[in-house]
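Written below as structure tokens is the structure these notes are about.
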Amino acid sequence: MRYRWRMLIARVLFILAILGPGFITANVDNDAGGIYTYASAGAQFGYSLLWTMIPVAICLTFAQEIAARMGVVTGKGFSELIREEYGIRITFFLMLGLVLCNLGDVISEFAGVASSMQLFSVSKYISVPIALVLVWSLVVFGDYKKLERISSGCRSCISPTSSRRCWPSRTGWTPRKRCFSCRTCATT
């Protein structure tokens, strides 16, 4: 009996070890743009698309595993492998697309900073430059260990509150729509 439980636990841990990188990659996009997209899709479709998380996590696991194995075996980065196989012109356009995607991601992050600080009546013209200087100084002057500690500390403080925000409220209050630029136009 004990042997069966140990084998079952070993199999479950083996499956979780295989799916682990996929779950990590699937959680990478939990940023301002991603949360906005998830909230919009959840409002429109409810739980009907929740099943897609499993195949997406499996596909992301394979993609991350393939990229990691190519890097380990060849000792080269992804763009260098593309350049060797397809030439510099295609590599340039693919990397340009990557830069544009990352630029869009950074813009959505700062849009999230602006909209979240406007909830506290802080102007976007004040909050975004402060966030920009903070991020710039962390990237330029910070080392990896320091950034990892800051990130872990912020995540541990924010995570319980952000997960509580997603639970349905049972206070009996009616939902209110309001303009965030002034507190006087609260309507039901």
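The values are calculated or read from the model by the stated rules, or taken from the named source; none is laboratory data. It should be emphasised that the depicted structure is a prediction, and the values quoted were computed from it without experimental measurement. Methodologically, a virtual Cβ is constructed for each residue, glycine included, from the backbone with ideal geometry; neighbour enumeration extends over all protein chains shown.
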Exercise. Are any of the residues in the stretch 54-71 surrounded by 10 or more Cβ atoms within 10 Å (Cβ to Cβ), modelled with pLDDT of 85 or more and of a type in the set (S, T, N, Q)?
Worked result: no
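Can you list the helices (runs of 4 or more DSSP H) lying wholly within the stretch 23-107 that have 3 or more residues being within 30 Å of Lys124 (Cβ to Cβ) and under 16 Å from the mean Cα position of the chain (by Cα)? Steps first, answer last, please.
On the way: elements: 32-45, 53-74, 78-86.
Answer list for the stretch 23-107: 32-45.
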Seminar exercise, completed: Of (1) over 22 Å from the mean Cα position of the chain (by Cα); (2) part of a helix (DSSP H, G or I), Ser121 satisfies every one except (2)
Seminar exercise, completed: Ile130 passes all but one of the listed conditions (1) among the hydrophobic types (A, V, I, L, M, F, W, C); (2) in a helix (DSSP H, G or I); (3) modelled with pLDDT under 80; the exception is number (3)
For this session: Determine which member of the set Leu103, Leu94 is under 30 Å from Ile130 (Cβ atoms) and either in the same structural domain as Ile130 (by TED's automatic domain parsing) or in contact with a Leu (Cβ under 7 Å, 6 or more places away or on another chain) (or both).
Result: Leu103
